[in-house]
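Contents: one structure, followed by commentary.
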Amino acid sequence: MKIKIITTLYHPNLYASIKALENIADVELLVPEKYKYREIPKDIQHSGLGCIIKSNRAREVFSPLSLWKTLDKSIDYVVVKHINEPTNFFVYLVCRLKKIPIIIYVQKVRHLNSGIYYPLFRLLIKLIGRAKIFSVTKEGYEESKKYFKDVFYIPIAINYFRFKTRHYNTKSDTLTLIYVAKFQKRKNIDVLMEALKIIEDKHGIKTRLKIIAIRDRDDDKEYKRTRENVEKLRLKNRVSILTDVDNQNMNGQYNSADIFVFPATSEPLGFSLVEAMASGLPVVCSDEVGTKCYIKEGFNGYVIKAGSAEEIAKCLLQFIEGRKINWSKISRFGRNSRVLIEREHAPEVFLKRFKSMLKA
């Protein structure tokens, strides 16, 4: 079997899924030419596609000629990320003309506020035809069912065995939180810092926050604003910021924290939450994060309302008992996170569900 996976931007959250599919198929990742030799692990087979529109924000439009030359009838399936990404127009068109079956990978269906968007979206749906859709989030699954019949929910895969679980220092009187994402305003780092201040200043609980984020040139303004907020809120001794930590070293960072918190808005996935669960951490995220569906409330974490520092603080105080950190509860939630990862997100589980989708 031959499978081509097309995406305008490679992300590490694809790695375990691609490696799982290699057990049943010859898999090749197709990305814009400029990413051909960047960021993609060497053990993933990949090639570059030419683009007619280029951008630094994953908005490249693949060249129809490049697609026509690359996608031949010997391919069994073309897997495309995102249903409603307008830049996939030519991908759908070429696959339709060459009668190559399409499988669409969904995180979260985010509709655009534009007058020309919906007519284009309807056209994309017609081009896609009877494709199979699989979503790695329940929100994406429910939204996709509005437009397609063959829709499946397949939780994202992670190579959890790379992650050692957290062993807690139950004698510590300090609660260490960790945030892992980018420096972007919608990630709400400032809201998390405000919650930190509430917990310590109003409730007397010693807290620390580790911010680990990718520092892109496009996000430099937000990085500087985050630094300024640390000073403004007088959190210099309680907040540490690390940038561009190598993915291979992330497990050690998760293991140095007690609870993972991700308060983002408009977040289609949030793979760092999955990594935190694999590391055996309790997880807290906002109701606008795609991976919130991986949290079982009161079992391995909590889902809170986006944009509210008070909500975050109130949630985290559930791990406090009589002004003392409830290490027993934190440890239990962390163990439960790992159990859920092994049960629902193992590569072999992903592969089994993917094969079932193909047979359906």
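Return the only residue of ASP43, ASP76 being surrounded by fewer than 16 Cβ atoms within 10 Å (Cβ to Cβ), among the acidic types (Asp, Glu), in contact with a strand residue (DSSP E or B) (Cβ under 7 Å, 6 or more places away or on another chain) and over 19 Å from VAL151 (Cβ atoms).
ASP76
Sort out which residues of the range 266-295 are modelled with pLDDT of 95 or more, surrounded by fewer than 23 Cβ atoms within 10 Å (Cβ to Cβ), in a loop (DSSP other than H, G, I, E, B) and in contact with a helix residue (DSSP H, G or I) (Cβ under 7 Å, 6 or more places away or on another chain), and write them in order of number.
Passing the criteria: only LEU269.
What are the residues in the range 120-144 that are in a loop (DSSP other than H, G, I, E, B) and either among the aromatic types (Phe, Trp, Tyr) or surrounded by fewer than 20 Cβ atoms within 10 Å (Cβ to Cβ) (or both), if any?
So the first thing to find is which residues in the range 120-144 are in a loop (DSSP other than H, G, I, E, B), and the list is 129-131, 136-137.
Once the filter is applied, which keeps residues that are in a loop (DSSP other than H, G, I, E, B) and either among the aromatic types (Phe, Trp, Tyr) or surrounded by fewer than 20 Cβ atoms within 10 Å (Cβ to Cβ) (or both), the range 120-144 yields GLY129, ARG130.
Residues checked against (1) buried (at least 19 other Cβ atoms within 10 Å of the Cβ); (2) polar (S, T, N, Q); (3) part of a loop (DSSP other than H, G, I, E, B); (4) in contact with a Lys or Arg (Cβ under 8 Å, 6 or more places away or on another chain):
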{"residue": "ALA181", "(1), (2), (3), (4)": "yes, no, no, yes"}
{"residue": "ASP218", "(1), (2), (3), (4)": "no, no, no, yes"}
{"residue": "LYS224", "(1), (2), (3), (4)": "no, no, no, no"}
{"residue": "SER240", "(1), (2), (3), (4)": "no, yes, no, yes"}
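Restrict the check to the range 50-62 and report whether at least one residue is touching a helix residue (DSSP H, G or I) at 6+ places or on another chain (Cβ under 8 Å), among the aromatic types (Phe, Trp, Tyr) and either outside the structural domain of GLN107 (by TED's automatic domain parsing) or modelled with pLDDT of 90 or more (or both).
The first filter runs over the range 50-62 and keeps only residues touching a helix residue (DSSP H, G or I) at 6+ places or on another chain (Cβ under 8 Å), leaving 50-54, 56-57, 59-62.
So of that shortlist, the ones also among the aromatic types (Phe, Trp, Tyr) come out as 62.
If we keep only those that are either outside the structural domain of GLN107 (by TED's automatic domain parsing) or modelled with pLDDT of 90 or more (or both) too, we end up with 62.
Yes - at least one qualifying residue is present in the range 50-62.
Which of the residues belonging to the range 93-119 are surrounded by 15 or more Cβ atoms within 10 Å (Cβ to Cβ), β-branched (Val, Ile, Thr) and part of a loop (DSSP other than H, G, I, E, B)?
ILE100, VAL109
Any residue at all in the range 145-164 that is of a type in the set (Lys, Arg), within 30 Å of ASN249 (Cβ to Cβ), in contact (Cβ under 8 Å) with a residue 12 or more places away in the chain and surrounded by fewer than 19 Cβ atoms within 10 Å (Cβ to Cβ)?
Going through the range 145-164, the residues of a type in the set (Lys, Arg) turn out to be 145-146, 149, 162, 164.
Subsequent filtering for residues that are within 30 Å of ASN249 (Cβ to Cβ) retains 162, 164.
Next, from what is left, pick out any that are in contact (Cβ under 8 Å) with a residue 12 or more places away in the chain: 162, 164.
Add one more test, that the residue is surrounded by fewer than 19 Cβ atoms within 10 Å (Cβ to Cβ), and what stays is 162, 164.
Yes; the residues of the range 145-164 include at least one that is of a type in the set (Lys, Arg), within 30 Å of ASN249 (Cβ to Cβ), in contact (Cβ under 8 Å) with a residue 12 or more places away in the chain and surrounded by fewer than 19 Cβ atoms within 10 Å (Cβ to Cβ).
Quick one: in the range 1-24, of everything that is of a type in the set (S, T, N, Q) and part of a loop (DSSP other than H, G, I, E, B), which residue is farthest from the chain's Cα centre (by Cα)? Can you show your working first?
Start the filter on the range 1-24 by keeping residues that are of a type in the set (S, T, N, Q), which leaves 7-8, 13, 17, 23.
Those left that are additionally part of a loop (DSSP other than H, G, I, E, B): 7-8, 23.
Values: THR7: 15, THR8: 16, ASN23: 23 Å.
The qualifying residue farthest from the chain's Cα centre (by Cα) is ASN23.
The values are calculated or read from the model by the stated rules, or taken from the named source; none is laboratory data. Just so you know, these numbers come straight off a predicted model, no measurement behind them. Positions of Cβ are backbone-derived with ideal geometry, glycine not excepted, and every protein chain shown enters the neighbour counts.
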